[in-house]
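Asker: Pasting a structure here, questions to come.
Bear in mind that the values in this text are calculations on the coordinates, not laboratory data. Nothing here was measured: the structure is a model prediction, and the numbers come from that model. Glycine also receives a Cβ, built like all others from the backbone with ideal geometry; neighbour counts cover every protein chain displayed.
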Amino acid sequence: MIKLIRTNSNNNDFINLVKLLNDYLKITDGDDHEFYNQYNNIDVLKNIVVAYIDNTPVGCGAFKKYAENTVEIKRMFTLPETRGKGIASKILKELEDWSKELNFEACILETGKRQIEAVQFYKKNDYLITPNYGQYKNATNSICFKKIINQTQ
């Protein structure tokens, strides 16, 4: 059974999972890694979700406020040996629910075009490709997504 906890960036399980994510991205992003890595400091993240199976941390994700009504999804990762079990979808749904509770209306995120599984994952979870935003505007390896999570009446 998958257990999710809401926590912050001081959580050691989150810190360890992010180290594994960074190791993976160093390989996948290649020469672009340093550019992307500068925007992934976890100290600024206050809203973290960590997933556990049998008390073992297997995945994580986070969000931070991006604009008045928008959060940016960050640091999504699932251990390779536990992929395909719906863990990432549960983490993402929990991040969306938490964002809604805080009255945000949309989630945005960036991933690399080389992360083919991530691109497919976000499309499967109803994220739509959007023009690159912020620091990713001119990054040719970036692909950005957006999802409306809370319609204003």
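Asker: Could you check the simple spin-label distance between residue 1 and residue 46, using points 7 Å along Cα→Cβ, in nm with one decimal?
Answerer: Distance between the two pseudo-spin positions: 3.2 nm.
Asker: Normalising by the residue count of the chain, find the relative contact order in percent from Cα pairs under 8 Å and 6+ residues apart.
Answerer: 19
Asker: Can you tell me the dipole magnitude for region 2-108 around its Cα centre, using point charges on the Cβ only (Lys, Arg +1; Asp, Glu -1), in Debye to the nearest 20?
Answerer: Dipole about the Cα centre, nearest 20: 340 debye.
Asker: With the contact rule set at Cα under 8 Å and sequence spacing of 6 or more, what percent relative contact order holds for region 97-153?
Answerer: With pairs under 8 Å counted, the relative contact order is 47 percent.
Asker: Something else about it: Pairs to check: 19/147; 46/85; 85/123. Give those whose C-alpha atoms are more than 20 Å from each other in this structure.
Answerer: Pairs exceeding 20 Å: 19/147; 46/85.
Asker: For the chain, go through all pairs of different Cα atoms, get the mean of 1/r, take its inverse, and jot down that Kirkwood value in Å.
Answerer: 15.6
Asker: With helices defined as uninterrupted DSSP H runs, which ones in the chain have an alpha carbon span along their own long axis of at least 20 Å and mean Kyte-Doolittle hydropathy of at least -0.5?
Answerer: 12-29
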